[in-house]
Every structure is written in structure tokens, then in C-alpha cells.
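The structure appears below as C-alpha cells.
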Amino acid sequence: MIAVHFFASIREALGVEHKTFDLPKDVETVEQLITFLAQQHGGTWSEILGKGSVMVAVNHEMAERSARLQAGDEVAFFPPVTGG
Amino acid sequence: MIAVHFFASIREALGVEHKTFDLPKDVETVEQLITFLAQQHGGTWSEILGKGSVMVAVNHEMAERSARLQAGDEVAFFPPVTGG
Amino acid sequence: MKISIQQDDFDIAEESRLLRESNSNTGAIVTFSGLVRDLDNERKVESLILEHYPGMTESSLEKIIAQAQGRWSILDVTVIHRIGELQAGEQIVFVAVASLHRGEAFSACEFIMDFLKTRAPFWKKCLDENGESWVEAKSTDEDASARW
Amino acid sequence: MKISIQQDDFDIAEESRLLRESNSNTGAIVTFSGLVRDLDNERKVESLILEHYPGMTESSLEKIIAQAQGRWSILDVTVIHRIGELQAGEQIVFVAVASLHRGEAFSACEFIMDFLKTRAPFWKKCLDENGESWVEAKSTDEDASARW
């Protein structure tokens, strides 16, 4: 299983807060996860998640798109942070 | 008249808090004021007030020993400040 | 060390007292309070809605504080960040650092705020006279954290 | 702007509230509190006696604040300094700066403290287990104000 969370403007643009599903065999990186999600949900997802400004966290740590994934991971996509 | 104040360790070393007196004609600068005070009170005063670390204020503004004085001025001698 | 993510307002007097009493050798306390401004880009702000990423928020703040502790000698730290809807004038965030000397407390407090602004997963939505919109990240905040 | 030289203790919550309410567009408040440490050079401190130069103290603080206002956009400033005898753990000094953005508030608050330490006519006498002695000025304080 893999859990994917979406926050703030990304959540609103996709209309989804989180998804949990079996990690497909050919999804080994965050980049491949984005491709997989876009295949499932259409080009809008690829456009939204593909933006360079979108930040990625894997297991609560900031991560690159090349970061490797494994079953049990929690992945999150969100826009640049604006707290404080 | 001129008013001279001494603070903190300078006050304690001299045993005087302040003095008010007619400004002598030949005292035109802070340096000359120190010489005049030393003539009146002895070498200890010259030693204490002559130290490079002693700070001088004229009319509540930090001043150099070359600062010019006139009747009505308020002069103060004190050690480096240690507030805060 | 205290990290709290909460909806409720906080009392900076109480927080400062706790920090001050945690170590009798504290000589300096620097605090930062962030407030909801009533004007942003010349628009009248009614309120902000603060969203965060539970779990990651706490761990990212712990990491930022650990980095600060690695750079400066710090006696204690408090970080409080509010979430939910906040009206103009309300407190959003509080960071306080206690140390022996003032230079370390100033640097550590500003460091923590600069990294909170760019690394901690919080997002603000602004409600103003034009409706609602997500606040955009500022490049000046990225610059502020890059200089450390 | 508020400058106060006083024997009585001060309430940082009340001071922060006044500062916060003085301008509805304040986005950032940075405060510094200085406390009497209970150890200095490994000696147990019982109390400090704070002496100052009435008149010059106020005008030197006004000048320091005016310099800060010339360098940064500041909405309001509070400086409180206590005099007389203070026990270990007591508050000595409080400097708070309100501004639109945090960078200015951090810089102005630290600037005011650095110059207060080296330009405002206050002197501390320390009472400890060895008797009483005047606190010596530190070269690190002179360095801190020289960097601005």
C-alpha cells in the first residue's frame, strides 16, 4: 500500500484529499507515481503535479522527484509553504 | 557656572558625585577641565580622569577630550557603560 | 523545548514565564510574534485560514530547532503555530528562544522563523473583499532562509 | 514610542499588548528580555545594582531609536530599563519592535540592544559571594555595535 496526500491549492485543484492504494510494480520513484496518477485521472493531474513549484514529501521529509518509493510510504504533494 | 558629574566606579574612586563651580577663564576644553580638577584635588584625580577608557559627556552627548566647553555646560565622567 | 500546533490563541506572557523559569541561568530571551495584518497588497483582509500537514509539521519544526541547537548554544525554545480561521489582528505564530547571551538568542529565533516560513508545511488562504485566495509564497522568504 | 527608566518590574504581556494595539497593520513583533543571570564567571550572583545618568539615559535611547527608525521601517518601539537593586532571575531590560515584516523587526530590535549596551549610560554593580564589584564592559559588546 501507498498513501498519497494533497494539500492546499493542490488538494482543491485535484478535488482529492488523499488516496491509498497498492503500489504498482512499475512505480519506483515519485516521478513514476505522478505518471501513474495522471494515467488514472487524466492530463489535468499531470499538469498540476508536474509543475516545478509543487513540493513533495516522502514520509514527512522533503523529497526530490527522483526519490525512490516502497510499499508503506506516505507521499504528499503541496504548493510552496506559506505559514508563519 | 559649570556642572560636573561623576558616575559609578569614577564617583566611588573620587568620593564625589558632582561639583558646580565658575568655569575658570583658561579652561576651554574637557582636557583642560581635567587638568584644572587635578590641580585642585591632587594627582589621584589626574590619574583617574586621565585614563583612556573614561568616557566623557557634554550636555548629555558623548564627547571627546578636545570638546570645547562654555559656561552653563554639564560635563560627566564615567566608565564604559554596562547596562542591558 | 515545546512545539505546539493549535487552534486556540496563546498567552505570550505565560509562554515567556515558562521559558524564563525553565533555566535559572537564562540571560536573554528573544521572542517573535506574527500577527494577521489587516492590509495585504492594499486589500482589506478579513481573515486567514491556516492549513497544515499533521505529523510532518511537528517533525519539520523539530528538525529546524535541532539545526538551530547545532549552531547556537540555546537553553530552551518554544514554537507555537495556530491553525484554522484567524481574524485580522490575531496572533498566528510565536517563537521564543532562551540563551545565556543575546546574540545567540537573536540569531536562533530569526533562523527558526526563516526556516518555519520556507520548510514547515503550513498554508494560508486569505479571505478579503475579493473573495478567497491562497497566499503565494514570497521569494524574499526563500532568500531569508538561503542566507543562513 | 515608549521609553521608560524605572525601578519597578514590568509586565511583558501588557507591554506587548500595547505595542500590538498601537497599529492594526503590525505583522511582526520582536522582543528582547534581559534577565539577571544567577552565575557570572562561575560566581553565584546575589543581586545587581543598576545606576544610570538621568536625562542623558533618555536622550541616548531616543537617539538610538531614531537611528533605527532611519534604517528600518518601524511601526512602534518600546524600551524599558530598570534601575536600583535587582535579584538573580529578575528582568532588567525589555526592547520590543513592531513592524510590517519580520526582518525589519529582528534587525531593529538587535540594533537597539547592541547600542543600548554600548552607548546608554547605565552601570551595573554585582553583589556576589566575593562582595561587590563593578561589572566590566565586554569587548564583545563593542564588537556587536561596531558591525552595524
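Values quoted throughout were computed directly from the atomic coordinates according to the rules given, and no laboratory measurement underlies them. Since the model is a prediction, treat every value here as computed from it, not as a measurement. We place every Cβ from the backbone using ideal geometry, glycine too, and count neighbours over all the protein chains shown.
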> Taking the label point as lying 7 angstrom from Cα along the Cα-to-Cβ axis, what are the distances from residue C:22 to the corresponding position in the remaining copies, in ascending order and in nanometres?
Replying inline: 2.9
>> For the range D:1-21 and the range C:44-69, what is the centre-to-centre distance using only Cα atoms, to the nearest Å?
In response: 29 Å
> Is the shape of the range D:21-148 best called rounded, prolate or oblate, per the rule: a/c under 1.5 gives rounded, else a/b larger than b/c gives prolate, else oblate, with a ≥ b ≥ c the square roots of the Cα gyration tensor eigenvalues?
Replying inline: prolate
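Quick one: putting +1 on the C-beta of Lys and Arg, -1 on the C-beta of Asp and Glu, what dipole do you get for the protein assembly as shown around its Cα centre, in Debye to the nearest 20? Working shown, then result.
On the way: 44 positive and 74 negative charges, 158 e Å.
So the dipole magnitude of the protein assembly as shown works out to roughly 760 debye.
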> In percent, what relative contact order does chain C have, based on Cα pairs under 8 Å that are 6 or more apart in sequence?
Replying inline: 33 percent
> When the label point is put 7 Å from the Cα of residue B:16 along its Cα-to-beta-carbon vector, which residues of the range B:46-65 have a backbone N closer than 15 Å?
Replying inline: B:46-50
> By how many degrees, between 0 and 90 and to the nearest 10, does the Cα long axis of helix D:102-119 differ from the longest principal axis of chain D?
Replying inline: 40 degrees
> What residue of chain B has the nearest C-beta to the axis that moves B onto A, and what is that distance in Å, given as a whole number?
Replying inline: B:84, 14
>> Ordered shortest first, which distances in nm separate the 7 Å Cα→C-beta label point of residue D:130 from those of the other copies?
In response: 6.5
>> Using a Cα-Cα cut-off of under 16 Å, which aspartates and glutamates could be cross-linked to residue D:125, ignoring same-chain neighbours fewer than 8 residues away?
In response: B:12, D:38, D:40, D:46, D:51, D:85, D:90, D:136
>> Which residue in D is nearest the D/C rotation axis when you measure from the C-beta atom, and what is the distance in Å?
In response: D:13, 1
> Which of the trypsin sites (Lys or Arg not before Pro) found in chain B are in a DSSP loop and have at most 15 neighbouring Cβ atoms, other than their own, within 10 Å?
Replying inline: B:25, B:51, B:65
>> Give me the percent relative contact order of chain B, please, defined on Cα pairs under 8 angstrom at least 6 residues apart.
In response: 41 percent
> Which of the residue pairs B:19/D:124; C:63/C:117; C:44/C:124; D:44/D:117; D:2/D:63 have a Cα-Cα distance greater than 18 Å in the structure shown?
Replying inline: B:19/D:124; D:44/D:117
>> Using a label point 7 Å beyond Cα on the Cα-Cβ vector, give me the inter-copy distances for residue B:43 in nanometres, one decimal, shortest first.
In response: 9.9
>> Given Cβ point charges of +1 (Lys, Arg) and -1 (Asp, Glu) and nothing else, what value in debye, to the nearest 20, does the dipole of the range D:2-146 about its Cα centre take?
In response: 540 debye
